[in-house]
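**Student:** Mind looking over this structure? Questions follow.
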Amino acid sequence: MKVGFIGLGHMGAAMAANLVQAGHEVTVYNRSADKRRALIERGAREATRVADACRGEVVITMLADDNAVSEVVFGHDGLLATLAPQAIHVSMSTISVALCKRLGSAHAANGQRFVAAPVFGRPDMAAAAKLFIVPAGDARTIASCKPLFDAMGQKTWPIGAEPSQANLVKLSGNFLIAALIEALGEAIALVGKAGVDRLAYVDLLASTMFPAPSYRIYGELIATGKFEPAAFAAPLGAKDIRLTLSAAESLNVPMPLASLLRDRFVRLAAQGGHELDWAAIGGLAAQDAGEGQLPPVSIHTTG
């Protein structure tokens with residue numbers, strides 16, 4: 001398929017590379033040209049502006065937040081202005097439910113098609129084409145995108161006919177992971193202060209009661225205090241919890257645990273943890289217990 005790919009961060013670059021490897025004709029765009037070079041060397045075509053990535057059947061966006069997506073879609077010569085009628089925008093970013101609804105309405109008004117397809121998985125899973133992809137939207141449009149999803153992920157779960165349902169599911173999933181990180185941090189701090197080997201404890205949990213990858217991945221990060229380099233930076237986790245709370249408020253669903261997690265991310269930011277992995281909120285419990293502290297972080301200032 002002829003596809004444009006916009007957003008070449010840790011996740012996007014790996015996803016676009018897998019599309020190239022699968023034989024799709026991929027045109028890549030990122031604001032910083034250096035992030036385009038490696039993909040061009042692997043056979044991708046270069047777009048020097050957003051409009052140049054919007055000439056094919058599908059354009060995929062994998063961007064950091066609502067502001068970045070809004071700029072690319074609604075900006076001058078953005079997706080809305082340049083996508084052909086019946087072309088498909090696949091938003092794979094973790095964005096707000098409200099923005100997803102706005103995107104769906106805007107594309108429909110322009111005669112374009114829209115699918116939300118956020119993913120679960122860290123950068124290593126993206127590189128290995130092992131992501132779990134959760135699309136929502138028109139069933140025939142999702143089916144049209146299946147060759148792309150197959151190239152980037154190990155399994156695809158269509159979740160509903162309304163694109164915003166996919167973003168709500170993604171936010172709820174990230175809420176659960178953040179809750180897991182907090183719970184693991186508290187449990188590891190408890191047994192660690194009593195002298196139990198933290199890594200042995202994590203191995204016990206992940207091998208018996210909780211044999212899920214997240215328990216081992218985040219448990220080991222918390223037990224070792226290894227929060228750098230960040231595979232998923234703490235500010236992105238904080239953003240996702242804020243979006244979860246916003247969606248919950250719009251639906252009149254109380255989420256007291258999400259409020260606690262928001263406060264944990266605020267505390268981490270106040271301590272200079274902007275560059276740490278979001279697993280670092282799991283290290284706060286050990287601090288509270290007087291058992292350790294987060295690694296030092298370089299704080300960049302301007303002025």
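**Student:** What residue, of M1, M15, M62, is in contact (Cβ under 8 Å) with a residue 24 or more places away in the chain, in contact with a His (Cβ under 6 Å, 6 or more places away or on another chain) and of a type in the set (A, V, I, L, M)?
**Tutor:** Residue meeting the stated conditions: M1.
**Student:** Could you say which residue among A187, A258, A234 is modelled with pLDDT of 95 or more, under 16 Å from the mean Cα position of the chain (by Cα), among the hydrophobic types (A, V, I, L, M, F, W, C) and buried (at least 17 other Cβ atoms within 10 Å of the Cβ)?
**Tutor:** A234
**Student:** While we're looking at this one, here's another question. Could you tell me which numbered condition A247 fails, if it satisfies all but one of (1) surrounded by fewer than 18 Cβ atoms within 10 Å (Cβ to Cβ); (2) more than 19 Å from I222 (Cα to Cα); (3) among the small types (G, A, S)?
**Tutor:** (1)
**Student:** Being more than 19 Å from the chain's Cα centre (by Cα) and modelled with pLDDT under 95: is that true of R45 here?
**Tutor:** Considered against the rule, which asks whether it is more than 19 Å from the chain's Cα centre (by Cα) and modelled with pLDDT under 95, R45 comes out as no.
**Student:** Residues to consider are A129, A87; find the one that is over 21 Å from A53 (Cα atoms) and among the hydrophobic types (A, V, I, L, M, F, W, C).
**Tutor:** Answer to the selection: A129.
Residue-by-condition table, conditions (1) touching a residue at least 40 places away in the same chain (Cβ under 8 Å); (2) of a type in the set (G, A, S); (3) part of a helix (DSSP H, G or I):
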| position | (1), (2), (3) |
| --- | --- |
| N174 | yes, no, yes |
| A178 | yes, yes, yes |
| L184 | yes, no, yes |
| V196 | no, no, no |
| M209 | no, no, no |
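**Student:** Return the residues of segment 19-37 that are surrounded by fewer than 22 Cβ atoms within 10 Å (Cβ to Cβ), touching a helix residue (DSSP H, G or I) at 6+ places or on another chain (Cβ under 7 Å) and part of a helix (DSSP H, G or I); say none if nothing qualifies.
**Tutor:** Scanning segment 19-37 gives V20, K35.
**Student:** Here's something else I'd like to know. Is it fair to say P147 is within 22 Å of S246 (Cα to Cα) and either in the same structural domain as H89 (by TED's automatic domain parsing) or not aromatic (F, W, Y) (or both)?
**Tutor:** Taking the combined requirement at face value, the residue does not satisfy it.
**Student:** Quick check on segment 44-51. Is at least one of its residues within 23 Å of L171 (Cα to Cα) and not in a loop (DSSP other than H, G, I, E, B)?
**Tutor:** no
**Student:** Which pairs turn up if I take residues in segment 100-113 that are in contact (Cβ under 8 Å) with a residue 24 or more places away in the chain and look for partners that are among the acidic types (D, E) with beta carbon separation below 8 Å, at least 6 apart in sequence or on another chain?
**Tutor:** Between residues of segment 100-113 that are in contact (Cβ under 8 Å) with a residue 24 or more places away in the chain and residues that are among the acidic types (D, E), the close pairs are G104/E162; R113/D138.
**Student:** Can you find a residue that is hydrophobic (A, V, I, L, M, F, W, C), within 22 Å of the chain's Cα centre (by Cα) and farther than 23 Å from K239 by Cα anywhere in segment 55-72?
**Tutor:** Yes: segment 55-72 contains one or more residues that are hydrophobic (A, V, I, L, M, F, W, C), within 22 Å of the chain's Cα centre (by Cα) and farther than 23 Å from K239 by Cα.
The values are calculated or read from the model by the stated rules, or taken from the named source; none is laboratory data. In this text, all values refer to a predicted model and were calculated from it rather than measured experimentally. Using ideal geometry, Cβ is built from the backbone for each residue, glycine included, and neighbour counts are taken over all protein chains shown.
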